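No lab work stands behind these numbers, since they all come straight from the coordinates. Keep in mind that this is a model prediction, so the values were computed, not measured. Every residue, glycine as well, gets a Cβ built from its backbone with ideal geometry; the counts of neighbours run over all protein chains shown.
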């Protein structure tokens, strides 16, 4: 039988201390936030933002917030409606920026390798600055389209040259046999 490195009491003590250090507890269980967001998007057929996902995963069954810090974020989520009213009149305000500022205020700045409340495999550049990554993608797509067009033109010219060579060979062959 396998022998564990730690005894049950040691693992329990470490787990308990780690759990107590957490600032925000969530109710997603073993489901990743990405899975929770996808399930919500499928059921409501709307995109789930970071702040909305935080609201979904950090409340109890009776819809009350898990902690006092969570309650403060929920209050700011309610104020977001006011910001949205302002944003509807001013096109320079991005609603996702409002979500990001609220979350960053409470959870701290994002690190280079992950984005909180988004799940695995998410790059901060894609979430926090979508215009930058989209611009790069558009530039790459444009250069790829140009390369494809250039290769197609090259292939067409090679086919024409091959057809001309074949016609020349046929003409010479016919001259020799006549």
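Counting neighbouring Cβ atoms within 10 Å and putting the fewest first, the residues 158, 76 line up as 158, 76.
What is the order of 48, 36, fewest Cβ neighbours within 10 Å to most? Don't jump to the answer; show the numbers that get you there.
Values: 48 17, 36 20.
Neighbour counts put them in this order, fewest first: 48, 36.
The fewest-to-most ranking of 21, 105 by surrounding Cβ atoms within 10 Å reads 21, 105.
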